[in-house]
1. Treat each spin label as a single point 7 Å out from the Cα along the C-beta direction, and report the residue 45 to residue 183 distance in nm.
2. How far is it, in nm, from the label point at residue 125 to the one at residue 59 when both lie 7 Å from their Cα along the line to the Cβ?
3. Under a plain spin-label model, where a point goes 7 Å from the Cα along Cα-to-Cβ, how far apart in nm are residue 110 and residue 176?
4. Hey, can you rank 143-155, 172-184 by average C-beta count inside 10 Å, highest first?
5. Assign one of three labels to region 93-135, namely rounded, prolate or oblate, based on the Cα gyration tensor with a ≥ b ≥ c the square roots of its eigenvalues; rounded applies when a/c is under 1.5, prolate when it is not and a/b is larger than b/c, and oblate otherwise.
6. Between residue 160 and residue 90, how high is the FRET efficiency from 1/(1 + (r/R0)^6) when r is the Cβ-Cβ distance and R₀ = 25 Å? Nearest 0.05.
7. Which Rg and Dmax, in Å, describe the Cα atoms of region 73-188?
């Protein structure tokens, strides 16, 4: 349950809330990425400029970005009102958050403020899972969603079925967690004025 699983479930659940979209029947548009941004100079602001042109047509645009900070990932960060960073809790991820935060701080020197928040996925109620969660919360250095997505085999199965959890495992713990996460996210978006 990483980036793509989160993007898929988030897209589906937000779509179910009947927000604005251009597609009549599915209420959801999916645009496949290509390497256009890789070949473009001054890519940092290109995606943001393009999204401004269609802003009135959508309530939400969900970008499933690459985990490395390549130019196209930076473009997605700059274009975003909020970047959701899904992580599986382990020591490597906790160490990686500090590195990522430093990298985002460097990018902000060029592009301006980038707002992000961490979503813990694949959470297991084990000693190490609880320890990682407590360590991350105790650090209190990084913004973290209250919602936690629990680990379940149903999430893996949903990727093979190419369906969101709501369509193939609605009663699973992860499906319930994603529903709770979307409610928290919508409250955050409205509270912080990220949504017109």
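1. About 4.1 nm, to one decimal.
2. 3.3
3. Rounded to a tenth, the inter-label distance reads 4.5 nm.
4. Order by mean packing, descending: 172-184, 143-155.
5. prolate
6. Calculated transfer efficiency: 0.55.
7. Radius of gyration, then largest Cα-Cα span, for region 73-188: 15.4, 45 Å.
Since every read-out is calculated from the coordinates, none of them should be taken as a lab result. Here the structure is a predicted model, which means the values were calculated and not measured. Using ideal geometry, Cβ is built from the backbone for each residue, glycine included, and neighbour counts are taken over all protein chains shown.
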